[in-house]
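These notes concern the structure reproduced below.
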Amino acid sequence: MRSLIQGVVGLLSLRGGPQHMPASWGLTALLLLIYLVLNQVTAQQLDDEYAGAKGLVAVLLQVMILAGLLRWRRCRERFPQTLAALVAVGIVFSALTWGLLSQSDPTVNQPGLALAWFGVFIWSLFVEAHIYRHALSVNFSIGMLITVLILAISYIFIDLLFLGG
């Protein structure tokens, strides 16, 4: 447990990479389950009837893209730790987002809350780029490009699936 917490803190502070996460398929599966449940709870704040399905689609896309990228870079052995890293930080960012959403009131202008949410979003992009940088042995700008492309692909795919394109 201690190595998991240290690994997550290292990732969030951009000082450690996914290689510092415990290499355990069981832990990765547990983290993935927690992440999906937390995403469902967070999405309920938005009153989206398809929130669970959208979250599952986004996770499946990220897993498939990650597996493909690691295979392409001939680093398949990094998959469980990289997935665990992405999911663990995803849990932290989902919890932060849920906390911010639970404070929101659509009838009131809340620029501080909006700025806090935007800060969490930007921070999450940097952390994911950092993870991809380490996992794929690329520079940070390529890690950021991969992060933004995965985000864009997810939004487009989910839009096509759930909004009818």
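The values are calculated or read from the model by the stated rules, or taken from the named source; none is laboratory data. What you see is a predicted model, and the numbers here were worked out from it, not measured in a lab. With ideal geometry, Cβ positions are generated from the backbone for all residues, glycine too; neighbour counts draw on all protein chains shown. Quick note on the areas: whole protein, heavy atoms, side chains included, nothing else; ligands and nucleic acids left out. Shrake-Rupley method; radii C 1.70, N 1.55, O 1.52, S 1.80 Å.
This table checks each residue for (1) closer than 24 Å to Ala114 by Cβ; (2) in a loop (DSSP other than H, G, I, E, B).
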{"residue": "Val9", "(1), (2)": "no, no"}
{"residue": "Gln19", "(1), (2)": "no, no"}
{"residue": "Pro22", "(1), (2)": "no, yes"}
{"residue": "Gly26", "(1), (2)": "no, no"}
{"residue": "Leu38", "(1), (2)": "yes, no"}
{"residue": "Leu46", "(1), (2)": "yes, yes"}
{"residue": "Leu61", "(1), (2)": "no, no"}
{"residue": "Leu83", "(1), (2)": "no, no"}
{"residue": "Ala88", "(1), (2)": "no, no"}
Kindly check whether there is at least one residue in region 140-149 that is farther than 24 Å from Gly17 by Cα, surrounded by fewer than 15 Cβ atoms within 10 Å (Cβ to Cβ), out of contact with any helix residue (DSSP H, G or I) (no Cβ under 7 Å at 6 or more places or on another chain) and at pLDDT 90 or above.
no
Hey, could you check region 60-74 for residues that are free of Cβ contacts under 8 Å to residues at least 24 places away in the same chain and out of contact with any Leu (no Cβ under 9 Å at 6 or more places or on another chain) and say which is nearest to Ser154 (Cα to Cα)?
Leu60
Just wondering, is there one or more residues in region 99-107 that are surrounded by fewer than 17 Cβ atoms within 10 Å (Cβ to Cβ), of a type in the set (Val, Ile, Thr) and more than 16 Å from the chain's Cα centre (by Cα)?
yes
Filtering region 3-28 for residues that are open to solvent by 10 Å² or more (accessible area, probe 1.4 Å), within 15 Å of the chain's Cα centre (by Cα) and within 13 Å of Arg133 (Cβ to Cβ) leaves a count of 1
Among the residues in region 99-121, are any part of a helix (DSSP H, G or I) and under 15 Å from Tyr35 (Cβ atoms)?
no
If Thr42 meets every condition in (1) of a type outside the set (A, V, I, L, M); (2) more than 24 Å from Gly143 (Cα to Cα); (3) in contact with a Ser or Thr (Cβ under 7 Å, 6 or more places away or on another chain); (4) surrounded by fewer than 20 Cβ atoms within 10 Å (Cβ to Cβ) apart from one, which number is that one?
(4)
